[in-house]
Amino acid sequence: MLVVTLVITVYALLIAGAVIAILLGFTDVHFHRRRKPGRIHVACIGDSITNGDWIPNCFARSYPSVLQKLLGKDYQVENYGLNDRTVMRISMVPFTYEPECIRSRQYLPEIVIILLGSNDSRSQNWVNKQEFKEEYRRLVQKYQELPENPRIILCTPPRVFQIGIPELIKPEILSIVAEAVRETAAELSLELVDLQEASRDWNTLYALDGLHPDVNGARKIAGLVAEAILAGNRPAETGKTAEAQA
């Protein structure tokens with residue numbers, strides 16, 4: 001009887017742990033909805049910041065989920081964020097090789113939000129700025145080739161505020177990544193949400209690891225992206241105005 005009780009307890013703990021991991025965005029579990037006709041379809045491409053890592057009940061509180069609420073029923077926002085993913089294909093987990101990349105294109109979005117680059121700033125994933133820009137262009141091109149000719153909005157990765165732990169994300173490389181994203185947006189005449197600039201004073205809006213925006217940080221990101229979508233202006237300028245008013 002004791003053995004049976006122990007087995008049941010272990011299984012219950014494993015299930016509870018799995019549920020917690022899923023709800024905190026520590027896994028790559030997604031529940032995509034069917035593409036609804038008559039909506040403006042938005043695909044959020046990204047890494048753990050998009051996925052909602054470290055955000056309790058990430059399915060309802062990640063930045064894409066908040067973006068859905070801000071945009072309203074005329075839009076359908078889908079989250080294609082995957083933890084640890086990169087732009088650079090030399091890494092172990094480039095986004096372009098993932099099934100979610102294929103699914104995001106099969107979704108046939110009218111608007112694509114790309115928020116990648118944080119994990120590219122890790123030493124083992126980084127080569128140089130030019131190489132990153134070339135890989136980033138290849139990723140963007142995958143969505144430019146879609147028959148819907150979607151509107152593509154690029155986002156620079158937000159800053160990091162790591163304290164007392166080894167630097168997983170290198171701030172000096174992250175600033176180069178942001179620079180590369182800005183240049184790519186200008187060169188391809190794409191809209192830009194400059195989260196690197198906007199997050200300058202967000203140090204209190206991060207999870208304990210200092211790498212991932214918390215629920216309030218996710219709201220900030222969603223607000224800037226929503227403003228960009230609804231205004232149809234250059235989001236970098238709009239974003240700075242929004243931050244000044246916040």
Straight-line reach from Lys129: which lysines have a Cα under 27 Å away, not including same-chain ones fewer than 8 places off? Lys142, Lys170, Lys240
Please compute P(r) over all alpha-carbon pairs of the stretch 143-199, binned at 5 Å starting from zero, and give each bin as a whole-number percent. 4, 18, 22, 19, 14, 10, 7, 4, 1, 0
Kindly put Ile113, Ile221, Ile153, Ile102 in sequence by how many other C-beta atoms sit within 10 Å of each C-beta, fewest to most. Ile102, Ile153, Ile113, Ile221
Based on the mean of other beta carbon atoms within 10 Å per residue, what is the order of 69-77, 208-216, most packed first? 208-216, 69-77
What GluC sites (Glu not before Pro) in the stretch 111-146 are in a loop by DSSP, with at most 16 other Cβ atoms within 10 Å of the Cβ? Glu145
Normalising by the residue count of the stretch 57-185, find the relative contact order in percent from Cα pairs under 8 Å and 6+ residues apart. 25 percent
Over the residues of the stretch 102-228, compute the C-alpha Rg and express it relative to 2.2 N^0.38 Å. 1.08
Dipole of the stretch 92-212, positive direction: furthest Cα of Asn119, Gln130, Ile102, with charges on the beta-carbon: Ile102
Can you give the extra length, in nm with one decimal, that the chain gains between Asn203 and Glu148 once fully stretched, where that is 0.36 nm per residue apart less the Cα-Cα distance? 16.0 nm
Final fewest-first order of Val87, Val160 on the 10 Å Cβ neighbour count is Val160, Val87
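No lab work stands behind these numbers, since they all come straight from the coordinates. What you see is a predicted model, and the numbers here were worked out from it, not measured in a lab. Positions of Cβ are backbone-derived with ideal geometry, glycine not excepted, and every protein chain shown enters the neighbour counts.
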